[in-house]
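Student: Below: one structure in structure tokens.
Just so you know, all these numbers are worked out from the coordinates, no wet-lab data involved. Predicted model, so just to flag it, every value in this text is computed and none were measured. Positions of Cβ are backbone-derived with ideal geometry, glycine not excepted, and every protein chain shown enters the neighbour counts.
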Amino acid sequence: ASWFVPACGTIVKEVVRKHFEIPACKSCLITEKTPALEAACFVDMQNCVFADETDVLDKIDYLFQNLEELERITNA
């Protein structure tokens, strides 16, 4: 039911089950960029949103203004 769901990979920045469950539920995964997530084929603004405290609000605002792009990301 959520358009956006934030998640992290714990203190050690691992890939965890929720990183896959969120996109599988057709929600947009918002997470920090880590080598582990990139190795798991997550790509910023293609199938997830990599964000940190400096750009998370700008990226979410952009996607709210461009709902077709949000839909493309969640469908990927």
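Student: Can you list the aspartates and glutamates whose alpha carbon is less than 12 Å from that of residue 26, not counting same-chain residues fewer than 8 positions off?
Tutor: 71
Student: If you wrap a convex hull around the alpha carbons of the chain, what volume per residue comes out, as a whole number of Å³?
Tutor: For the chain, the hull spanned by Cα atoms encloses 80 Å³ per residue.
Student: In degrees, nearest 10, range 0 to 90: what is the angle between the Cα axis of helix 56-65 and the longest Cα principal axis of the chain?
Tutor: The two axes meet at around 30 degrees.
Student: Shifting gears a bit: List the residues, sorted by chain then number, that are 5 or more residues from residue 45 or on another chain and whose placed amide H is less than 5 Å from its amide H.
Tutor: So residue 45 has HN proximity to 50.
Student: Tell me, what ³J(HN,Hα) does each residue in region 7-14 have, in order and in whole Hz, if you take phi through Karplus 6.51 cos²θ - 1.76 cosθ + 1.60 with θ = phi - 60° and put x for Gly and Pro?
Tutor: So the J values, rounded to whole Hz, are 8, 10, x, 6, 5, 8, 6, 8.
Student: What nm value, rounded to one decimal, do you get for the distance between residue 53 and residue 32 when each label is placed 7 Å out toward the C-beta?
Tutor: Inter-label distance under the simple model: 1.1 nm.
Student: Using Cα pairs closer than 8 Å and at least 6 residues apart in sequence, work out the relative contact order for the chain, in percent.
Tutor: Relative contact order of the chain: 28 percent.
Student: Something else about it: At a Cα cut-off below 19 Å, give the aspartates and glutamates reachable from residue 18, other chains included and same-chain residues fewer than 8 away excluded.
Tutor: The reachable aspartates and glutamates, counting only those whose Cα sits under 19 Å from residue 18, are 32, 38, 44, 52.
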